[in-house]
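The values are calculated or read from the model by the stated rules, or taken from the named source; none is laboratory data. What you see is a predicted model; the values in this text were computed from it and never measured. Ideal geometry is used to build each Cβ from the backbone, glycine not excepted, and the neighbour counts take in all protein chains shown.
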Amino acid sequence: MFDGRIGKPALATLLRETRLPKLDWSRVGGEFVAVVRQGGRAFLFGDFFAAFQLFHDQEQRFFSTSLLAALQVLPRVRFDAQGVYEHAFNVVPVGDDTPFVELKTLGPKWVLELTADGVTRRATTKPLPDRPTREPLNDRLVTHAERLHEAVAPFVVTYGDRIQCPLSGGLDSRLLLAALRAAGSTPSLYVYGPEGSADVRIGRAIGAAEGFDVAWIDKQAATITPDAFPAQVEANFHQFDGLPTFGNIFDNGGHAAAQVLRHAGGALAASGGCGEVYRDFFLLPDRPLTASTLARSFFARFTSRDVTDRFDGSAFVARIADKIADALALPDAHTRMSRTHAEQAYPRVRCRALFGREISLEAQHGAYSMPFLDHRVVATALTLPMSAKHAGAFEARLLAAIDPALARHGSAYGHDFAGPPSLRHRFDEWSSRIRPTWVRQHSYAVQRRLRPMGDEHGGLLSPEYMDRVIDPQFPAMRRYFEMAAITDSGLWRRIACLEYLTNRLGSRLEA
């Protein structure tokens, strides 16, 4: 997006109004990778947060938006232990890293010029607020509503009602729907989940009460035989470019079918991802923090039982802390920063990694909009005091200001969004914020000792299915993990996805 225009009109305006490598980021939006030829010079750059992934080799001799294509170009690849462990424990590697030594992703700090002699890197600055502002609540609501409108309006102008929008029991999808309706769109709505789940029950109840259809899609409902499983996994593997978020290639094809359906007829798929810019994502105290505190509190989701002696827990967390510090332009991981500055780690680090992978995969099928990741929306959200973010209090007020009818319905939190959050919701968040960092760091390991764990992404993970697509001895991943000890099905599935990728790489993968 450029000056509120999308696609070719945006590019035409950019070519007319801009002299690369300089970019006025206040005029640039969306998630993308652009190759621009201007005045006999060629430039390559991505969006504000570098969310849309652009893979390249260490020497920056080639670039690709596809992980599998990039791996095909390289004659030899090696696993990077840090990247492997980050993918397994935290769903995706953060920063510029991938699970492979030879592959990186282009970071947000650079506009590249492609020349006959190679790549020249040009630095670009992208500041965000590091202090909250003082502003009356009603003024804040007006400002935030306007900013959100500016983020969605260009899509509504271009796609009208040809927009696919989720509606669940949460807050973010409802605020997304409110913003689209306020901009003049009547999108097609859907909800994912098994019958009777809170999301399905609440989403469909809202539709019934407000007079619009909400399509119910149960991605796990269709059956598939073990004999048909290998072909389905291979199709999933290619559709999701080898390593999707959460590693969920081992299913009945429901996830892949839902992705295609979101773009049917050339529709725009809209997402409420990154909506937690309005909330306290990390649930940490409202005081100065360090990158090390963030890493230890949120990214230490491992237990020593699951890993071989290749893993060093302290070094693993320290490396993530260093990447957070770099993303937030801190001298080191132990430099204290304001609480608002620490909030930048959500869009700059977590959203870039997790939602960036999602955005990149969706783009194979059509346009994808994530308005809450628009850097102008993010910048405005960062001016909120932390007290306004607790239990989604401000986000609910914003929803009620934009669309009171949607706000009045109940939610998965046990309360509606027309009034303040419930005491239970506030207590649950408060009990997390008061936990010391050392407790947060070890909470996952403690939970694993108490019971098996899993996630909502499921999959057909029983031996009758999985033994047909990977070696149950995990010959590649057992160098990194003690597979027999793993009782977290989500972790197991992500490791299995790496094992499957290993098989596809064959002899080009060096041990």
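Any idea which of ASP130, ASP172 is among the acidic types (Asp, Glu), closer than 18 Å to LEU382 by Cβ and in contact with a Leu (Cβ under 9 Å, 6 or more places away or on another chain)? Full working, then the answer.
Details: ASP172 fails: in contact with a Leu (Cβ under 9 Å, 6 or more places away or on another chain).
ASP130 is the lone residue from the list that is among the acidic types (Asp, Glu), closer than 18 Å to LEU382 by Cβ and in contact with a Leu (Cβ under 9 Å, 6 or more places away or on another chain).
Does the range 27-45 hold any residues that are part of a loop (DSSP other than H, G, I, E, B) and closer than 28 Å to CYS274 by Cα, and which are they? Walk me through how you get there before you give the answer.
The initial filter retains those residues of the range 27-45 that are part of a loop (DSSP other than H, G, I, E, B), namely 29-32, 39-40.
If the condition is that a residue be part of a loop (DSSP other than H, G, I, E, B) and closer than 28 Å to CYS274 by Cα, then GLY29, GLY30, GLU31, PHE32 are the ones that fit.
For the range 433-468, what are the residues that are in contact with a Pro (Cβ under 9 Å, 6 or more places away or on another chain), aliphatic (A, V, I, L, M) and surrounded by 13 or more Cβ atoms within 10 Å (Cβ to Cβ)?
If the condition is that a residue be in contact with a Pro (Cβ under 9 Å, 6 or more places away or on another chain), aliphatic (A, V, I, L, M) and surrounded by 13 or more Cβ atoms within 10 Å (Cβ to Cβ), then LEU460, MET466 are the ones that fit.
What residue, among those in the range 216-226 that are touching a residue at least 24 places away in the same chain (Cβ under 8 Å) and out of contact with any Gly (no Cβ under 9 Å at 6 or more places or on another chain), is farthest from GLN164 (Cα to Cα)?
Going residue by residue through the range 216-226, those that are touching a residue at least 24 places away in the same chain (Cβ under 8 Å) are 216-224, 226.
From the residues that got through so far, the ones that are out of contact with any Gly (no Cβ under 9 Å at 6 or more places or on another chain) too are 223, 226.
Numbers: THR223: 26, PRO226: 33 Å.
Result: PRO226.
Any residue that is outside the structural domain of GLY169 (by TED's automatic domain parsing), among the aliphatic types (A, V, I, L, M) and out of contact with any helix residue (DSSP H, G or I) (no Cβ under 8 Å at 6 or more places or on another chain) - is there at least one of those in the range 407-426?
Going through the range 407-426, the residues outside the structural domain of GLY169 (by TED's automatic domain parsing) turn out to be none.
Within the range 407-426 (the criterion being outside the structural domain of GLY169 (by TED's automatic domain parsing), among the aliphatic types (A, V, I, L, M) and out of contact with any helix residue (DSSP H, G or I) (no Cβ under 8 Å at 6 or more places or on another chain)), the answer is no, since none of the residues qualifies.
What do you reckon, is PHE63 surrounded by fewer than 22 Cβ atoms within 10 Å (Cβ to Cβ), touching a residue at least 40 places away in the same chain (Cβ under 8 Å) and over 18 Å from ILE249 (Cβ atoms)?
On the way: surrounded by fewer than 22 Cβ atoms within 10 Å (Cβ to Cβ): yes; touching a residue at least 40 places away in the same chain (Cβ under 8 Å): yes; over 18 Å from ILE249 (Cβ atoms): yes.
The answer is yes for PHE63.
Outside any helix (DSSP H, G or I), in contact (Cβ under 8 Å) with a residue 12 or more places away in the chain and either among the small types (Gly, Ala, Ser) or touching a strand residue (DSSP E or B) at 6+ places or on another chain (Cβ under 7 Å) (or both), is that true of ALA333? Full working, then the answer.
Details: outside any helix (DSSP H, G or I): yes; in contact (Cβ under 8 Å) with a residue 12 or more places away in the chain: yes; either among the small types (Gly, Ala, Ser) or touching a strand residue (DSSP E or B) at 6+ places or on another chain (Cβ under 7 Å) (or both): yes.
Taking the combined requirement at face value, the residue satisfies it.
Scan the range 40-47 and give yes if some residue there is loosely packed, with under 15 Cβ neighbours inside 10 Å and either free of Cβ contacts under 8 Å to residues at least 40 places away in the same chain or in contact with a Pro (Cβ under 9 Å, 6 or more places away or on another chain) (or both), otherwise no.
yes
Taking PHE229 as meeting all but one of (1) buried (at least 19 other Cβ atoms within 10 Å of the Cβ); (2) over 30 Å from ALA391 (Cβ atoms); (3) within 22 Å of the chain's Cα centre (by Cα), write down the number of the exception.
(3)
Being touching an Asp or Glu at 6+ places or on another chain (Cβ under 8 Å) and outside any helix (DSSP H, G or I) is the filter here, so list the residues in the range 157-177 that pass it.
SER168, GLY169, GLY170, LEU171
For the range 213-243, what are the residues that are part of a loop (DSSP other than H, G, I, E, B) and modelled with pLDDT under 95?
ASP218, LYS219, GLN220, ALA221, ALA222, THR223
Any chance you could count how many residues in the range 301-324 are in contact with a strand residue (DSSP E or B) (Cβ under 9 Å, 6 or more places away or on another chain) and among the aliphatic types (A, V, I, L, M)?
1
Working only within the range 101-142, note down all residues that are in contact with a helix residue (DSSP H, G or I) (Cβ under 9 Å, 6 or more places away or on another chain) and of a type in the set (Val, Ile, Thr).
Residues satisfying the conditions are VAL101, THR105, THR124, THR125, THR133, VAL142.
Output the residues belonging to the range 394-433 that are in a loop (DSSP other than H, G, I, E, B) and hydrophobic (A, V, I, L, M, F, W, C). Working first, answer last.
Within the range 394-433, the subset in a loop (DSSP other than H, G, I, E, B) is 403, 408-422.
Answer for the range 394-433, where residues must be in a loop (DSSP other than H, G, I, E, B) and hydrophobic (A, V, I, L, M, F, W, C): ALA412, PHE417, ALA418.
Looking at (1) in a loop (DSSP other than H, G, I, E, B); (2) under 18 Å from ARG262 (Cα atoms), which one does LEU180 not meet, given that it meets all the others?
Failed condition: (1).
Only residues that are surrounded by fewer than 21 Cβ atoms within 10 Å (Cβ to Cβ) and of a type in the set (A, V, I, L, M): list them for the range 407-432, please.
The answer is ALA412, ALA418, LEU423.
Which residues, counting only those in the range 9-26, are crowded, with 16+ Cβ neighbours inside 10 Å and either assigned to a helix (DSSP H, G or I) or charged (D, E, K, R) (or both)?
Just the residues of the range 9-26 that are crowded, with 16+ Cβ neighbours inside 10 Å, to begin with: 10, 13-14, 18, 20-21, 23.
Result: ALA10, THR13, LEU14.
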